[in-house]
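First the structure, in the form of structure tokens, and then the observations on it.
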Amino acid sequence: MTTCPIVRFPDQRLRQVAAPVTLFDESLSALAQDILESMRAAPGIGMTGPHIGVAQRVVVLELPDVPQPQTYVNPEIIWMSEETIRQEEGSVSMPGVTDLIERAAKVRVQYQDLDGVTHVEEAEGLRAACHQHEIDQLNGIFWIQRLSGLRRKRVVARYEKLQRLQR
């Protein structure tokens, strides 16, 4: 178990599409554990391989409604509702700033577990928003890209100000 350095905005690695996982072995389990430990240290409730500089399609979520963390390998959204919700979102790669993001209220996600077995999960509310947020990240879409241009500029300005104050 290792706590890894987190890739920070505006690092271009956060804009790259992560590669599918093809090898389900001990190194994949170790990567999932590293993501989990790094996420807890950040702290956060969801994190991907790209957040620690590993461009592989791995997501770890640790949400309050489930007693243990969950790992999703090669996740993809196979259905989303037309109904939407607005959730406060942020990123471990851009700590200290959040904003409201509108996303589908419900999703169906297909993914593999650490052994390569395929599963389908239905999610709503916070879990649905987390799936969409983290799968966006795997697809090279950083969360602020879901904001209008004006709101994105404001979030970036707040983040840059926080960074200057922390120096």
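The values are calculated or read from the model by the stated rules, or taken from the named source; none is laboratory data. Remember, predicted model here, so these are calculated numbers, not experimental data. Glycine also receives a Cβ, built like all others from the backbone with ideal geometry; neighbour counts cover every protein chain displayed. Surface areas here come from the heavy atoms of the whole protein model, side chains and all, with no ligands, DNA or RNA. Shrake-Rupley method; radii C 1.70, N 1.55, O 1.52, S 1.80 Å.
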Worksheet item: With every protein chain present, what is the per residue accessible area of the chain (1.4 Å probe, Å²)?
Response: 53 Å²
Worksheet item: Where Lys and Arg each count +1 and Asp and Glu each count -1, what net charge lies around F9 among other residues with Cβ under 11 Å from its Cβ?
Response: +1
Worksheet, complete the sentence: Rounded to the nearest Å, the spacing of the alpha-carbon centers of the stretch 1-77 and the stretch 97-147 is 13 Å
Fill in: Total charge dipole magnitude, the chain, about the Cα centre, Cβ charges on Lys, Arg, Asp, Glu only, Debye to nearest 20
1200 debye
Discussion item. With the cut-off at 1.5 for a/c, could you classify the stretch 83-152 from its C-alpha gyration tensor as rounded, prolate or oblate?
Written reply: prolate
Worksheet item: Where the accessible area of the stretch 1-75 is counted over protein heavy atoms with a 1.4 Å probe, how much of it, in %, is carbon and sulfur?
Response: 53 percent
Worksheet item: Dipole of the stretch 1-83 (Lys/Arg Cβ +1, Asp/Glu Cβ -1, origin at the Cα centre): which of V59, I78, Q16 lies farthest to the positive side?
Response: Q16
Worksheet item: Using unit Cβ charges (K, R positive; D, E negative) and no other charged atoms, how large, in debye to the nearest 20, is the dipole of the stretch 60-129 about its Cα centre?
Response: 60 debye
Worksheet, complete the sentence: A student applying the Cα gyration tensor rule (rounded when a/c is under 1.5; otherwise prolate if a/b is larger than b/c, oblate if not) would label the stretch 6-50 oblate
Item to complete: Would you mind checking which residues have amide H under 5 Å from V97's amide H? H placed 1.01 Å from N; only 5 or more apart, or other chain.
Response: S91
Discussion item. So I have (1) 0.95; (2) 0.93; (3) 1.08, and one of them is Rg/Rh (Cα atoms, Kirkwood Rh) calculated from this model. Which one is it?
Written reply: (1)
